[in-house]
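Colleague: The structure follows.
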Amino acid sequence: MTENTQQQHDSVPELPTQYAPAEVEGPLYERWVERGYFTADATSDKKPYTIVIPPPNVTGSLHLGHAFQHTLMDALTRRKRMQGYEALWLPGMDHAGIATQNKVEQQLAEEGKSRHDLGREAFVDRVWQWKEEYGGKILGQMRRLGDGVDWSRERFTMDEGLSKAVQTIFKKLYDDELIYRAERIINWCPRCLTAISDIEVEYQEDDGELVSIRYGEGDESLVVATTRAETMLGDTAVAVHPEDERYAHLVGKQIKLPLTDRTIPVVADTHVDPEFGTGAVKVTPAHDPNDFAIGQRHDLPSMTVMDERGVITVHGPFLGLDRFEARSAIVGALREQGRIVAEKRPYVHSVGHCSRCSTTVEPRLSMQWWVKVGPLAQAAGDAVRDGRVKIHPEDMSKRYFDWVDNMHDWCISRQLWWGHRIPVWYGPEGQVVCVGPDEEPPSGEGWHQDTDVLDTWFSSGLWPFSTLGWPEKTPDLAKFYATDVLLTGHDIIFFWVARMMMFGLYAMDGVAPFHTIALTGLVRDERGKKMSKSFGNVVDPLDWMDQYGSDAVRFTLAKGANPGTDVPIGEDWVQASRNFANKIWNATRFALMNGATVEGELPAAERLSATDRWILSRLNATVAEVDAYYEDYQFAKVSDALYHFAWDEVFDWYVELSKTTFMGGGEQAKVSARVLGEVLDVTLKLLHPIVPFVTEALWTTLTGKESLVVAEWPKDGGFRDAAAEAEIENLQQVITEVRRFRADQGLQPGQRVPARLGLSGTALAAHEGAIRQLLRLQPAGEEFQATANLTIGGATVALDLSGTIDVEAERKRLAKALAAAEKEKSQATAKLGNEAFLAKAAEAAVEKIRTRLAKAEADIERISAQLAALPGA
RNA sequence: GGGCGCAUAGCUCAGCGGUAGAGCGCCGCUCUUACAAAGCGGAUGUCGGCGGUUCAAAUCCGUCUGUGCCCACCA
């Protein structure tokens with residue numbers, strides 16, 4: 001080691017031999033926040049780059065799905081920040097109406113109370129109290145992950161500004177007649193006691209029972225089939241197909257409804273499928289959406305037979321029974337009367353369940369508020385159709401169109417207490433007044449506000465602009481709207497993405513809320529199975545972060561992020577990523593020990609060794625590659641490219657090849673130290689958006705500069721050196737082949753072998769030191785006897801194994817190589833003998849084959865000679 | 001009932017018209033200016049089946065099988 005590098009060595013801070021993320025990560029994050037790196041400036045001249053976080057539920061805690069999406073969003077914003085954008089990643093939480101209300105109701109239940117014991121106002125206070133105490137656990141976890149969000153702009157969907165936004169847009173939609181109130185069949189959850197929208201219903205195949213019941217008497221009777229016998233109490237007709245001759249004589253007649261003293265008409269409706277069941281359908285307008293539609297067409301009365309808890313309200317033997325008890329009781333009663341003509345059980349059919357509590361949904365006739373989605377959805381579809389908004393990956397756009405082009409009106413009122421209360425007042429004489437945010441609600445005798453609140457997704461639909469201050473014309477809104485990328489799971493395209501598109505276009509004068517929708521898959525376990533509590537395979541990312549570091553978790557997730565596809569993750573993989581972080585750590589340690597530096601100009605190309613030029617050429621190519629992948633949201637490819645470049649090319653080959661140079665000292669060592677510094681500088685920058693902690697710790701040590709968070713993103717300087725790349729590839733081949741030979745000969749890795757190298761006339765001459773070093777080859781002494789001669793890529797390596805050469809092993813090795821080369825030759829020859837191929841294939845393809853052939857022929861000649869030269873041949 | 005996707009090494013996945021790849025796992029040998037959480041070397045595939053297009057198919061088309069997801073007012 002030269003004096004100079006020794007000096008630098010002494011001045012370098014000591015790094016431990018293992019990276020300890022737990023000690024590094026926390027303090028770094030706090031420092032970033034304190035220095036305001038993540039705080040965006042609405043007044044800056046820089047171009048904005050904005051991402052709003054999909055607001056996690058206030059009740060939520062960080063799961064791998066969040067960790068995954070956050071890693072990607074963080075990587076995007078960190079890179080853009082480094083590229084000189086005014087980057088804003090805006091955090092916040094969703095009040096999560098039903099989920100939160102359920103949580104607090106549970107808490108109350110433990111005290112033996114219900115929300116009704118408290119009353120509305122006190123209950124809502126209690127929820128706020130809960131939020132302060134337990135809510136937002138996820139925010140702390142986001143810090144652990146390293147999320148570079150702007151905490152000064154944190155928002156909550158129930159905060160004052162956002163509530164104002166909700167009221168403003170409600171009023172605007174109401175005035176534009178895009179919000180209306182109507183009595184319809186809605187999905188009702190008898191446990192949550194509220195209406196829910198269509199997409200909050202999850203259908204699953206349940207075992208049911210299809211019973212066929214005879215309605216009417218004698219000639220004037222027919223058989224209907226149903227899985228929901230309890231609703232028959234509310235039947236107000238039977239429907240048949242108009243062209244169904246079996247029932248033509250009954251259409252228009254009244255028949256007796258069993259178990260009641262009512263008669264109901266038989267109506268003809270084309271909705272009925274004559275092929276299905278008996279071709280006759282009982283019609284219960286108040287408890288089934290299809291029946292409701294039939295009822296509308298035939299002007300049938302609606303008869304509600306259940307209350308909001310699903311309890312029968314019809315006087316008689318079934319009064320007070322729960323809907324499922326009533327079902328069996330009614331079937332039993334009908335059986336006694338001999339009216340059950342057929343039963344089929346189990347009968348598997350699709351049944352709707354509440355997505356919040358899994359209770360079977362009860363379709364129910366009720367008065368609710370609706371958004372008329374037609375024009376809004378049209379605009380939302382058009383924005384994607386005409387390319388103003390792009391969906392990644394593209395095939396997901398089909399799903400988006402399926403939805404927006406077929407959307408039903410959206411039921412937005414919820415019979416809950418926690419949420420944005422509907423800003424409508426009703427007067428004593430039936431007046432209905434929608435009140436804007438700056439207006440006084442009507443007061444006086446008989447006036448009262450609607451008691452319902454809005455669907456949670458109503459306020460989250462405003463998120464990309466409400467969080468920036470809308471409806472006020474704030475500097476933030478001007479600077480950061482429209483946002484750039486919306487990154488979220490494909491599972492909430494309908495819940496959230498489509499709604500933001502509708503509201504954004506509507507409220508912001510046709511400007512879409514983002515130009516790109518990047519959809520991610522879902523995180524799964526290492527066997528590709530969905531993570532769920534019932535499988536017991538749910539992993540808390542915090543555990544892994546504690547054990548392996550946040551960077552390891554982040555890198556693993558990014559490496560799995562193939563566009564739109566699900567991401568499997570297992571602990572082994574996190575370990576592998578931790579190993580990678582450790583590798584980066586140690587490579588940098590090595591560099592520091594050898595005086596790597598970023599000080600001073602990078603030496604001109606003429607002063608660089610081929611090894612230096614090779615790595616710089618590869619470095620620049622990698623910058624270009626990584627940028628291209630980032631622009632295409634190919635995070636897996638970004639990570640993969642960096643992993644291999646860093647580990648294989650820089651940490652293995654370049655570092656190993658440079659060791660001789662460093663040991664040699666002198667001018668060349670100084671040059672390489674500068675090159676290694678450069679390579680590390682750029683590599684750490686490239687890695688930083690994905691693994692921010694370890695890179696920050698190392699980079700600040702390496703450069704002595706303030707922070708990588710605000711460092712400049714590398715640019716492809718355009719430096720390429722094909723000759724150097726070819727030369728180093730050749731060098732790698734020589735080394736690999738000799739190593740293989742050594743391994744075949746059973747030589748131990750460290751064992752030194754006398755060797756004579758024939759490199760003159762090849763570009764490899766300059767690498768003799770490295771070759772000898774990496775292959776443990778000693779100079780040939782007086783007694784040197786070449787017992788093995790290897791020829792690789794124009795170089796010859798003669799080794800003296802002092803008679804210990806394992807001729808059999810060598811013969812086997814060579815025979816194998818010869819067979820491979822001969823196969824290669826015959827393949828290439830066949831190809832080149834193919835007229836059609838020569839005529840039609842691209843010139844480059846043909847040239848490639850020719851090169852292969854030439855190489856194969858040379859190999860055959862060489863290997864044959866070596867075989868012949870073997871003792872005893 | 002419609003729509004979309006996927007089947008490639010033991011596992012999880014890239015590749016998507018011109019010599020089958022990665023990570024993990026597996027088998028050897030090694031403390032060698034950083035790193036054993038490492039290094040070096042090695043083994044492993046009728047690219048789901050069958051047909052077709054092409055000079056050339058894991059890659060394009062058809063079909064079958066298996067599998068996953070989404071949508072739907074399946075009485």
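Colleague: Return the pairs, sorted by first residue and then second, in which the second residue is more than 11 Å from RNA strand B (Cβ to nearest atom) and open to solvent by 40 Å² or more (accessible area, probe 1.4 Å), the first residue lies in the stretch A:654-672 and is of a type outside the set (S, T, N, Q), the beta carbons are less than 8 Å apart, and the residues are 6+ apart or on different chains.
Modeller: A:Gly665/A:Asn4; A:Lys670/A:Asn4; A:Val671/A:Arg607
Colleague: Look at the stretch A:536-563 and say how many of its residues are surrounded by fewer than 18 Cβ atoms within 10 Å (Cβ to Cβ) and within 11 Å of RNA strand B (Cβ to nearest atom).
Modeller: So the answer is 2.
Colleague: Mind checking which helices (runs of 4 or more DSSP H) fall wholly inside the stretch A:352-466 and carry at least 3 residues that are within 14 Å of A:Phe494 (Cα to Cα)?
Modeller: Output list reads A:374-385, A:396-404, A:456-460.
Colleague: Right, something else. Please go through the stretch A:725-743 and pick out each residue that is touching a Ser or Thr at 6+ places or on another chain (Cβ under 6 Å) and either buried (at least 18 other Cβ atoms within 10 Å of the Cβ) or at pLDDT 95 or above (or both).
Modeller: Step one: of the stretch A:725-743, the residues touching a Ser or Thr at 6+ places or on another chain (Cβ under 6 Å) are A:725.
Passing the criteria: none in range.
Colleague: So which of A:Thr556, A:Thr588 is farther than 22 Å from A:Phe635 by Cα and part of a helix (DSSP H, G or I)?
Modeller: A:Thr588
Colleague: I would also like to ask the following. For the stretch A:608-639, which residues satisfy the criterion of being among the small types (Gly, Ala, Ser) and touching a residue at least 40 places away in the same chain (Cβ under 8 Å)?
Modeller: A:Ser609, A:Ala610, A:Ser617, A:Ala621, A:Ala624, A:Ala636, A:Ser639
Colleague: Has the stretch A:744-753 got at least one residue that is part of a helix (DSSP H, G or I), under 25 Å from A:Glu783 (Cβ atoms) and open to solvent by 50 Å² or more (accessible area, probe 1.4 Å)? Even if it seems obvious, please write down each step before you answer.
Modeller: Initial filter on the stretch A:744-753 (part of a helix (DSSP H, G or I)): A:744.
If we keep only those that are under 25 Å from A:Glu783 (Cβ atoms) too, we end up with A:744.
Narrowing the set further to residues that are open to solvent by 50 Å² or more (accessible area, probe 1.4 Å) leaves A:744.
Yes: one or more hits.
Colleague: Okay, next question. Please work out if A:Glu105 is open to solvent by less than 60 Å² (accessible area, probe 1.4 Å), among the charged types (D, E, K, R) and modelled with pLDDT under 95.
Modeller: yes
Colleague: A:Leu477 fails exactly one of the following numbered conditions: (1) in a loop (DSSP other than H, G, I, E, B); (2) in contact with a Leu (Cβ under 7 Å, 6 or more places away or on another chain); (3) open to solvent by 10 Å² or more (accessible area, probe 1.4 Å). What is the number of that condition?
Modeller: The one condition A:Leu477 does not meet is (1).
Colleague: Here's something else I'd like to know. A:Leu72: in contact with a Pro (Cβ under 8 Å, 6 or more places away or on another chain), buried (at least 19 other Cβ atoms within 10 Å of the Cβ) and not hydroxyl-bearing (Ser, Thr, Tyr), yes or no?
Modeller: Judged against the criteria, A:Leu72 is not a match.
Colleague: Sticking with this one: Return yes or no: is A:Leu376 open to solvent by less than 40 Å² (accessible area, probe 1.4 Å), hydrophobic (A, V, I, L, M, F, W, C) and in contact with a strand residue (DSSP E or B) (Cβ under 6 Å, 6 or more places away or on another chain)?
Modeller: Here the answer is no, as A:Leu376 does not meet what is asked.
Colleague: Can I ask one more? With (1) in a helix (DSSP H, G or I); (2) in contact with a strand residue (DSSP E or B) (Cβ under 6 Å, 6 or more places away or on another chain) as the list, and A:Leu487 as the residue in question, which single condition is left unmet?
Modeller: (1)
Colleague: Name the residue that is most open to solvent (accessible area, probe 1.4 Å), counting only residues in the stretch A:806-824 that are among the acidic types (Asp, Glu) and closer than 19 Å to A:Ala854 by Cα.
Modeller: Per the criteria, the residue is A:Glu822.
Colleague: Please go through (1) in contact (Cβ under 8 Å) with a residue 24 or more places away in the chain; (2) more than 16 Å from RNA strand B (Cβ to nearest atom); (3) surrounded by fewer than 19 Cβ atoms within 10 Å (Cβ to Cβ) for A:Ile312 and return the number of the only condition it doesn't satisfy.
Modeller: (3)
Colleague: Of the residues A:Ala225, A:Ala286, which is open to solvent by 10 Å² or more (accessible area, probe 1.4 Å) and either of a type in the set (A, V, I, L, M) or assigned to a loop (DSSP other than H, G, I, E, B) (or both)?
Modeller: A:Ala225 is the lone residue from the list that is open to solvent by 10 Å² or more (accessible area, probe 1.4 Å) and either of a type in the set (A, V, I, L, M) or assigned to a loop (DSSP other than H, G, I, E, B) (or both).
The values are calculated or read from the model by the stated rules, or taken from the named source; none is laboratory data. All of these numbers come straight from a predicted model, not from anything done at the bench. Please note: Cβ atoms are built from the backbone with ideal geometry, for glycine as well, and neighbour counts cover all protein chains shown. The accessibility values were calculated without ligands, DNA or RNA, using every heavy atom of the protein model including side chains. Shrake-Rupley method; radii C 1.70, N 1.55, O 1.52, S 1.80 Å.
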